[in-house]
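The values are calculated or read from the model by the stated rules, or taken from the named source; none is laboratory data. Bear in mind that the values here come from a model prediction, so they are computed numbers and not experimental data. Cβ placement follows ideal geometry from the backbone for every residue including glycine, while neighbour counts extend to all protein chains displayed.
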Amino acid sequence: PAARSADTDALVRLDRAHLVHPVTNWRQHEERGPLILTEARGPWLKDASGHELLDGFAGLWCVNVGYGQESVVRAATEQLHKLPYATGYFDFASEPAIRLAAKLVDITPPSLTRAYLTLGGSEAVDAAARFIVQYWNAVGRPAKKHFISQERGYHGSSSTGAGLTALPVFHRGFDLPLPTQHYIPSPNPYRHPQGGDAQALIAASVASLRAKVAELGADNVAAFFCEPVQGSGGVIVPPVGWLKAMRDAARELDILFVVDEVITGFGRTGPMFACDAEGVEPDLMTLAKGLTSGYLPMGATMLSEKVYAGIADAAPAGVPVGHGATYSAHPVSAAVALEVLRLYTEGGVIANAQRVAPAFAAALDGLRSHPLVGDARCRGLLGALELVSSKATKRGFGAVPGLAERLFASAYRNGVVFRCFGDGVLGFAPALTYTHGDVEQLFARVRKVLDEAL
Ligand code: PLP
């Protein structure tokens, strides 16, 4: 990297001394210091030393429309001038929040008729879990308190959501999971014993959900939470038909089916929502990230009429449903979301992603022959390479200390950003505005990083 200015050095000192970073080793970070990003345009990032990086991860799988979309900036600015804040408490509302709720109901699966607007994905999951508890209490089934999610699932890091998340670092030292939180195996075609046979893998997942519900007692189980493609768990792509089979099983088992589309929503896997590909109608859906493309914070908890009405009808007149935050349904975030949603459809962003997706899949596939690559997988513009130390035995790198850091350093040198999961899985989620040329550049740089890691 180029030399840093005195201003940057001062910032680095302040960061090391004061800024607590999310999902980071705090002490090691004090040693390493921050990588300060200063500007971005299209798919390109620039850091404080002027080094340019091709962003292969859309920030944190969120900047779906790419950086520097002027119409989004205008939408935010206009709303800031007009009405920068309006509470949603006590019957207050703002025009963007109302229009956004209606738009989300319009574009999500038909079962979803109500939108609760949050600050991000963790809060959307947390609200979903709290609404589910309310719902079962409201309809006179208070024993239904247990939640089932999936190993390697990620559902944010709220007090409840981090327990639905099944990644060890989110539990370690936090006294999680709660006694009401349970997991079933992840549908990973590369690692599952039935992985080679899509139908067998789907049947195994359904059987494990049934078995877990039987173990807990159907009368005690509130809901099943899942991601259509597991993101932070290592971009685990189940076979087509898996989501529908799990939905049908949940209905039969009389438990609520919650689809967490925080990553997969808004064109990331091809259609507007991953549910659309299989005609799945969940009871609840959680959204964030692509909702505003990361330009401002916002998420949503989508509710079916059954869940909404169950809660609404049980609240005595004058007694509020006690859930909300100062920034729920924030008008500026809502204005940004409305413009981002317009770009997805009228702006052709999702159509572009669908055009580019085959090249993305082919580029990932082309890296299968690399000596370090055990598996290459994707759906839409969401993909991963799983690195192995032996292709024959599929032996992974496990938790090799420092592997993610070494890959990250090499990626930086080669001017590219992607996600290095600690266990040797590399994740890719480029902006949906990527061109074929951007895809080529991304994977040319990734190949160099892999060659350096040999
Ligand atoms: N759910 C899923 C599937 C996610 O991937 C994430 C974040 O990565 C969340 C929930 C939490 O969202 P947020 O980070 O906006 O709180």
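Scan Arg445, Arg413, Arg419 and give me the residue that is under 19 Å from Val235 (Cα atoms) and among the charged types (D, E, K, R). Break it down stepwise before answering.
Values: Arg445 fails: under 19 Å from Val235 (Cα atoms); Arg413 fails: under 19 Å from Val235 (Cα atoms).
Just a single option satisfies the conditions, and that option is Arg419.
Going through Tyr85, Tyr67 one at a time, which residue ends up being out of contact with any Asp or Glu (no Cβ under 6 Å at 6 or more places or on another chain) and buried (at least 16 other Cβ atoms within 10 Å of the Cβ)? Spell out the reasoning first.
Working: Tyr85 fails: buried (at least 16 other Cβ atoms within 10 Å of the Cβ).
Going through Tyr85, Tyr67 in turn, just one is out of contact with any Asp or Glu (no Cβ under 6 Å at 6 or more places or on another chain) and buried (at least 16 other Cβ atoms within 10 Å of the Cβ): Tyr67.
Give Ala245, Ala274, Ala218, Ala249 a once-over and let me know the one that is of a type in the set (A, V, I, L, M), over 17 Å from Leu164 (Cα atoms) and modelled with pLDDT under 95. Outline the logic, then answer.
Values: Ala245 fails: modelled with pLDDT under 95; Ala274 fails: modelled with pLDDT under 95; Ala249 fails: modelled with pLDDT under 95.
Exactly one residue qualifies, and that residue is Ala218.
So which of Asp47, Asp55 is closer than 30 Å to Val235 by Cα, crowded, with 20+ Cβ neighbours inside 10 Å and of a type in the set (Asp, Glu)?
Testing whether each residue is closer than 30 Å to Val235 by Cα, crowded, with 20+ Cβ neighbours inside 10 Å and of a type in the set (Asp, Glu) leaves just Asp55.
What strands (runs of 3 or more DSSP E), lying completely within the stretch 341-454, carry at least 3 residues that are without any contact (Cβ under 8 Å) to a residue 40 or more places away in the chain?
Details: elements: 373-379, 382-390, 425-428.
Filter on the stretch 341-454 gives 382-390.
For the stretch 39-71, give me the residue count where each residue is in contact with a strand residue (DSSP E or B) (Cβ under 9 Å, 6 or more places away or on another chain), of a type in the set (A, V, I, L, M, F, W, C) and assigned to a loop (DSSP other than H, G, I, E, B).
Count: 3.
Could you please let me know if Gly140 is assigned by TED's automatic domain parsing to the domain that holds Gly299, more than 16 Å from the ligand (Cβ to nearest atom) and either more than 29 Å from Phe421 (Cβ to Cβ) or part of a loop (DSSP other than H, G, I, E, B) (or both)?
Values: assigned by TED's automatic domain parsing to the domain that holds Gly299: yes; more than 16 Å from the ligand (Cβ to nearest atom): yes; either more than 29 Å from Phe421 (Cβ to Cβ) or part of a loop (DSSP other than H, G, I, E, B) (or both): yes.
Answer is yes for this residue.
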